[in-house]
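Report on the following structure.
The values are calculated or read from the model by the stated rules, or taken from the named source; none is laboratory data. Everything numeric here is computed off the predicted structure, so don't read it as measured data. Because the Cβ atoms are built from the backbone with ideal geometry, glycine has one as well, and the counts that use them run over all protein chains shown.
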């Protein structure tokens, strides 16, 4: 598992200004973890993120009925989410 | 006095949407003409097959199914927001009407209130 430079944890819906700021801060080698309302980005038409690994919290995805549109995002459960935060050098909770 | 309740908040993330739905149901229960408009991230309320046991919340789908029983006149979904979230009428709960121009819709009601 190549190391994660910065893990961005986002829980805001795509329209939220904080989501826009987060997308702007992503750098190649970073990872993006979508939780709560942010998983709606999986359904929304948004640009593909080159060089960024995208994860989504499975319970939030299921709650919003988004099972079939995960695209290239990897679904993770709560323990895996904790592992991601441990792996990353830096973590930003947006 | 016809009222339009607009839900632009995503489901589950905040309570604002549920409070607006309770307001709409209360109005309908007292025979006030009321309709619902879902727009922005709010259209995600209408998506079918919501499986909420893991997040330990009641599915908003169940809340919405009570709308006709309460006498809510219509449930509109903003067409542009549906495109943005790749939602078609088949993906949504029954009884939703697509609203091509929500700004016109707002003008048809004496009173409009937003969630949250």
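Observations on the structure shown:
- Taking (1) touching a strand residue (DSSP E or B) at 6+ places or on another chain (Cβ under 6 Å); (2) modelled with pLDDT of 90 or more in turn, residue A:66 satisfies each apart from (1).
- The stretch A:1-21, residues that are in contact (Cβ under 8 Å) with a residue 12 or more places away in the chain, in a helix (DSSP H, G or I) and surrounded by fewer than 19 Cβ atoms within 10 Å (Cβ to Cβ): A:18, A:21
- Number of positions in the stretch A:72-83 that are away from every other protein chain (no Cβ under 11 Å) and either in contact with a helix residue (DSSP H, G or I) (Cβ under 7 Å, 6 or more places away or on another chain) or buried (at least 19 other Cβ atoms within 10 Å of the Cβ) (or both): 3
- Single unsatisfied condition, residue A:33 versus (1) assigned to a helix (DSSP H, G or I); (2) modelled with pLDDT of 90 or more: (1)
- Residue tally, condition surrounded by fewer than 18 Cβ atoms within 10 Å (Cβ to Cβ), away from every other protein chain (no Cβ under 14 Å) and over 10 Å from the mean Cα position of the chain (by Cα), over the stretch A:27-60: 7
- Restricting the stretch B:60-94 to residues that are in a loop (DSSP other than H, G, I, E, B) and more than 8 Å from every other protein chain (Cβ to nearest Cβ), the residue that is surrounded by the most Cβ atoms within 10 Å (Cβ to Cβ) is B:72.
- Screening residue B:48 on (1) within 14 Å of chain A (Cβ to nearest Cβ); (2) out of contact with any strand residue (DSSP E or B) (no Cβ under 7 Å at 6 or more places or on another chain); (3) touching a residue at least 24 places away in the same chain (Cβ under 8 Å) shows it passes everything except condition (2).
- The C-beta contact set for the stretch B:1-18 (first residue away from every other protein chain (no Cβ under 11 Å) and in a loop (DSSP other than H, G, I, E, B), second residue surrounded by fewer than 24 Cβ atoms within 10 Å (Cβ to Cβ) and modelled with pLDDT under 90, distance under 6 angstrom, 6+ apart or interchain) comprises B:1/B:110; B:2/B:109; B:2/B:110.
- Residue B:42 vs. criteria buried (at least 19 other Cβ atoms within 10 Å of the Cβ), within 26 Å of residue B:90 (Cβ to Cβ) and modelled with pLDDT under 90: no
- Residues in the stretch A:24-51 that are under 12 Å from residue A:92 (Cα atoms) and out of contact with any helix residue (DSSP H, G or I) (no Cβ under 9 Å at 6 or more places or on another chain): A:25, A:26, A:30.
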